1. Give me a comma-separated list of calculated 3J(HN,Hα) values for the stretch 106-115, in order, Karplus coefficients 6.51, -1.76, 1.60 applied at θ = phi - 60°, integers in Hz, x for any Gly or Pro.
2. Read phi for every residue in the stretch 158-163 and hand back ³J(HN,Hα) as whole Hz from Karplus 6.51 cos²θ - 1.76 cosθ + 1.60, θ = phi - 60°, with x for Gly and Pro.
3. Over all distinct Cα pairs, what is the inverse of the mean 1/r for the stretch 1-152, reported as the Kirkwood hydrodynamic radius in Å?
4. Let me check I've understood the local charge: for I108, count other residues with C-beta under 13 angstrom from its C-beta, Lys and Arg +1, Asp and Glu -1. What total comes out?
5. What is the pair-distance distribution P(r) of the stretch 4-91, computed from all Cα-Cα distances in 10 Å bins starting at 0, with each bin given as a whole percent?
6. Can you tell me the orientation of helix 17-28 relative to the chain, as the angle in degrees between its alpha-carbon axis and the longest Cα principal axis, to the nearest 10?
7. Could I have the simple spin-label model distance between A153 and A59, label points 7 Å from Cα toward Cβ, reported in nm to one decimal?
8. Expressed in nm to one decimal, what extension gain is obtained for the pair R161 and R48 from 0.36 nm per residue of sequence separation less their Cα-Cα distance?
Amino acid sequence: MRDPTVLVLMGVSGCGKSTVGRLLARRVGCAFHDADNQHSAMAVAKMRRGTPLDDRDRAAWLTALRRLVARHVRSRVPAVLACSALKERYRQRLRVKPGAVGFVHLEISPATAARRLRRRRGHFFPAALIPSQFAALEPPRDALRLPAVSPPARLAARIARRWRRHASS
């Protein structure tokens, strides 16, 4: 993995993007952003009702995320972004500059993702939407791929070893 300014932890809901992302950002001393916080109230309500988002629903969200990534790249301030980034065209939108954005795909089975979501409290995304996430997922060819069933701290440590850029660089 090259030393991107922004590292995107991607995968279906329930794979641990936010948990691992927070641990990783703390470990390397950089900013952490959760893409879930950029969804519109209408998109959150739609998911809460059990209706998957489509590309139109995601357009403004992706634009906001691209701006966020671009700010970090322009200022060369490292960051970790937890974002599903399920489709290649979504990842292309986040690649604001060649080599400046890297991806780590946290891979998980549908059964494990659903089990994790059924146990998760206080989040808008229901386990019933897991099949739609796997249907939309276009596995990346250019990402570090890691098993999401590994302990989050171990995943964060492994990613940090591969991502040598630190906030102080």
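1. Those phi angles translate into 8, 8, 8, 7, x, 5, 5, 4, 4, 4 Hz.
2. 5, 5, 4, 5, 7, 9
3. 15.5
4. +3
5. 17, 49, 29, 5
6. 20
7. 4.6
8. 37.0 nm
Read the figures in this text as sums done on the coordinates, not as results from a lab. No experiment lies behind these values; they were computed from the predicted model shown. In this analysis, Cβ positions are derived from the backbone assuming ideal geometry, glycine residues included, and neighbour counts consider all displayed protein chains.
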